[in-house]
1. For the stretch 226-262, which positions are over 10 Å from the mean Cα position of the chain (by Cα) and within 14 Å of the ligand (Cβ to nearest atom)?
2. Quick check on the stretch 113-149: of everything there that is over 26 Å from ALA172 (Cβ atoms) and of a type in the set (S, T, N, Q), which residue is nearest to the ligand (Cβ to nearest atom)?
3. Is there a residue being part of a loop (DSSP other than H, G, I, E, B), under 25 Å from ARG108 (Cβ atoms) and away from the ligand (no atom under 16 Å from the Cβ) anywhere in the stretch 173-185?
4. Of the conditions (1) farther than 30 Å from GLU30 by Cβ; (2) exposed (fewer than 15 other Cβ atoms within 10 Å of the Cβ), ARG196 clears all except one; give me its number.
5. Checking ILE203 against (1) buried (at least 18 other Cβ atoms within 10 Å of the Cβ); (2) within 16 Å of the ligand (Cβ to nearest atom); (3) aliphatic (A, V, I, L, M), which test does it fail?
6. Kindly provide the set of residues from the stretch 1-13 that are without any contact (Cβ under 8 Å) to a residue 40 or more places away in the chain and surrounded by 12 or more Cβ atoms within 10 Å (Cβ to Cβ), ordered by number.
7. Can you name the residue in the stretch 115-147 that is farther than 21 Å from ILE203 by Cα and within 22 Å of the chain's Cα centre (by Cα) and is also modelled with the lowest pLDDT among such residues?
8. Cβ-Cβ under 6 Å, sequence separation 6+ or interchain: first residue in the stretch 195-220 and farther than 25 Å from GLN184 by Cα, partner of a type in the set (A, V, I, L, M) and surrounded by fewer than 17 Cβ atoms within 10 Å (Cβ to Cβ). Which pairs?
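The values are calculated or read from the model by the stated rules, or taken from the named source; none is laboratory data. Since we're looking at a predicted model, the values are computed, not measured. Cβ atoms come from the backbone with ideal geometry, glycine included; neighbour counts cover every protein chain shown.
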Amino acid sequence: MPLSSDQLGEIEAQRAQSHPTRRVVAAGMEEHLYTAHQVLDHGFVRVIDYMGDDAAICQAARVSYGKGTKSVQNDEGLIRYLMRHWHSTPFEMCEIKLHVKLPVFVARQWIRHRTANVNEYSARYSILDREFYIPAPEHVSAQSEINNQGRGDTLQGEEAARVLEILKADSARCYDNYEAMMGQDGQQGLARELARMNLPANIYTQWYWKVDLHNLFHFLRLRADPHAQYEIRVYADAMCKIVADWVPAAYKAFEDYRLGAVNLSAQMVDSLRRMLAGETVTQENSGMTGREWREFEAIIKES
Ligand SMILES: Cc1cc2nc3c(=O)[nH]c(=O)nc-3n(C[C@H](O)[C@H](O)[C@H](O)COP(=O)(O)OP(=O)(O)OC[C@H]3O[C@@H](n4cnc5c(N)ncnc54)[C@H](O)[C@@H]3O)c2cc1C
């Protein structure tokens with residue numbers, strides 16, 4: 001479990017409190033507030049705060065004086081229209097603040113999303129916990145032969161055991177040396193900001209991450225995608241569930257028009273039209289490169 005009993009106690013105490021408010025609350029999100037959803041072996045994602053709900057998107061789109069909502073059907077229709085036509089600013093009116101615990105190599109991918117506000121745990125100020133991501137055996141995989149940026153078959157037997165042993169031993173040795181460098185037997189000890197430099201990228205870090213709904217959808221579109229690395233995808237998947245409870249209409253529109261949708265190039269649209277008209281279209285007469293054609297086939301063929 002990624003949380004100690006003290007930390008769980010703090011979370012429970014916070015969850016036990018409630019305050020009357022004139023602000024909008026989303027019932028589905030109130031249930032998530034502060035709860036840590038476990039991800040990977042020591043990680044989690046938990047909602048610290050949020051602003052807005054589905055109605056707030058409509059309110060902003062209509063620039064209303066009051067609640068700005070009409071019938072539920074009307075609001076859903078508006079949200080779907082906004083999503084379909086990339087009218088994105090009303091979605092920026094909703095915000096979410098998360099507390100995330102994640103391995104450093106996942107954090108390096110995550111931090112590339114520049115449109116969020118971040119504050120990370122300071123390893124200059126504090127000592128990092130002895131917590132390392134060690135993949136479950138089914139996620140210890142070989143290099144993919146078809147995708148340079150991916151993994152292939154799961155390693156088996158002795159090979160898998162050897163890899164896991166190396167990962168565990170290196171993590172333990174580096175952490176032992178981290179502690180040893182910071183002071184032993186009355187020695188002065190190396191500064192924390194320097195001692196951390198020998199720690200491996202599978203050590204866990206933590207941050208608070210605040211983002212608006214439009215940019216969160218952009219993050220989820222890229223990181224909940226099958227092409228994203230498994231270790232960041234599981235965080236995106238956990239966040240998708242939270243967002244579905246927070247803004248159900250917006251999330252459904254996101255699923256339909258982003259997550260489950262595809263982009264077609266001009267050549268792809270042309271080829272599709274010609275196919276529908278009964279023409280035999282091949283890569284050679286499509287105007288697409290071999291790679292584009294394979295991507296096109298993957299879109300139009302049933303899996
Ligand atoms: C499957 C996958 C593989 C990847 N592989 C690599 C890799 O090999 N190497 C690598 O370095 N990265 C890689 N990335 C990271 C990727 O290139 C992006 O940096 C990352 O996904 C963040 O996307 P973003 O810039 O759109 O998001 P954000 O930073 O959140 O930005 C959102 C949008 O805001 C706008 N924006 C934000 N900042 C600026 C700016 N300064 N100037 C102009 N417009 C801006 C852009 O329109 C941008 O799309 C990969 C990402 C994925 C999903």
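1. The answer is PRO226, HIS227, GLN229, TYR230, ARG258, LEU259.
2. THR115
3. Yes, that holds for at least one residue.
4. The failed condition is (2).
5. Evaluating ILE203 over (1) buried (at least 18 other Cβ atoms within 10 Å of the Cβ); (2) within 16 Å of the ligand (Cβ to nearest atom); (3) aliphatic (A, V, I, L, M) leaves (2) as the failure.
6. Scanning the stretch 1-13 gives GLN7, LEU8, GLU10, ILE11.
7. Per the stated criteria, the residue is ASN147.
8. So the pair list comes out as TRP207/VAL118; TRP209/VAL118.
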